[in-house]
Amino acid sequence: QGLKPLVPTESPAPIFGTSKPPSVLPTTEPFLGKNNVADLQRVFQRSDGLPVHLKGGVPDRMLYRTTMALTIGGTIYCLVALYIASRPKNK
């Protein structure tokens, strides 16, 4: 009887990201969408004075302003908490 090894002695077969055997795969997969790189380059490389993180329009501005509000609010909260913690306690 004896003890059986916990780890299998044989390595498992390699697993790839497809269930098709390699001989069945086509040589080139068709591209499923329009290439938008040129359009995005035009938008983001335009020299209009805006930083790149705000060139996406209204959603980018909302995210930026929300982030800034949370950052400033968190800083104020920390400063107030430090001020309250540093006051001497009355007995």
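Here, each number is a calculation from the coordinates, and none is a lab measurement. On a predicted model such as this, the values are computed, not experimentally measured, just so you know. When we count neighbours, we look across all protein chains shown, and the Cβ atoms used for this are built from the backbone with ideal geometry, even at glycine.
Subtracting the Cα-Cα distance from 0.36 nm times the residue separation, let me have the gained length for Thr71 to Arg46 in nm, one decimal.
So the chain would gain 6.1 nm between Thr71 and Arg46.
Could you give the nm distance between label points at Val58 and Asn90, where each point is 7 Å from its Cα heading toward the beta carbon?
Between Val58 and Asn90, the simple spin-label model gives 5.2 nm.
Tell me, in nm to one decimal, what length is gained between Val80 and Ala38 on full extension, where the rule is 0.36 nm per residue of separation less the Cα-Cα distance?
10.2 nm is the gain from fully extending Val80 to Ala38.
For region 54-65, just list the computed ³J(HN,Hα) in residue order, Karplus coefficients 6.51, -1.76 and 1.60, θ = phi - 60°, integers in Hz, with x standing in for Gly and Pro.
Result, rounded to whole Hz: 10, 7, x, x, 4, x, 5, 5, 5, 5, 5, 5.
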